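I have placed the structure first, in the form of structure tokens, so that the comments after it can refer back to it.
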Amino acid sequence: MLYKGSCHCGKVAFEVQGELGMAVRCNCSICSRKGALLWAVSHDKLKLVAWGDDLGRYTFGKAAIAHRFCRTCGIHPFAEDVSQGSERSAYININCLDDVDPTTIEVYEFDGRSA
Ligand SMILES: [Zn+2]
């Protein structure tokens, strides 16, 4: 299935190919602040369709994950592994997907705070 998503203002827009079965709520310092529900996909399933200069990038700690956000509206639509290669994942914030009701998606609680 093809999912479409965007930030709030629409300057960052993307598509994801896959089956959304379960989302992850992570309690680490950044995910808890964002309130994101994450869907991990192989990075090649994520296709940006609009971004330009508006796609900001934030890393912290070991800088293994780049948290991407819209510089205009401030929404964080996804994050991605910094490392390249076939194992690279993207972490989609399902709250930013069109036509997805997050309350219908099973949520796995991930203890990222302790990881
Ligand atoms: Zn935006």
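Just so you know, all these numbers are worked out from the coordinates, no wet-lab data involved. Note that this is a predicted model, so its numbers are computed, not measured. So basically every Cβ, Gly included, is an ideal-geometry build from the backbone, and we count neighbours across all protein chains shown.
One table, with the values for the structure above:
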read-out	value
Given (1) over 13 Å from the mean Cα position of the chain (by Cα); (2) of a type in the set (A, V, I, L, M, F, W, C); (3) within 16 Å of the ligand (Cβ to nearest atom); (4) surrounded by 13 or more Cβ atoms within 10 Å (Cβ to Cβ), index of the condition VAL12 fails	(1)
Answer residue from region 84-114, given it is surrounded by 11 or more Cβ atoms within 10 Å (Cβ to Cβ) and of a type in the set (Gly, Ala, Ser) and is farthest from the ligand (Cβ to nearest atom) among those	GLY112
Selected residue [on the phi < 0 side of the Ramachandran plot, in a loop (DSSP other than H, G, I, E, B) and of a type outside the set (S, T, N, Q)] from CYS31, CYS9	CYS9
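To keep it simple, each residue is scored yes or no on (1) more than 16 Å from the ligand (Cβ to nearest atom); (2) loosely packed, with under 14 Cβ neighbours inside 10 Å; (3) touching a residue at least 12 places away in the same chain (Cβ under 8 Å); (4) not hydrophobic (A, V, I, L, M, F, W, C).
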site	(1), (2), (3), (4)
TYR3	yes, no, yes, yes
ARG33	yes, yes, no, yes
ALA36	no, no, yes, no
LYS47	yes, yes, yes, yes
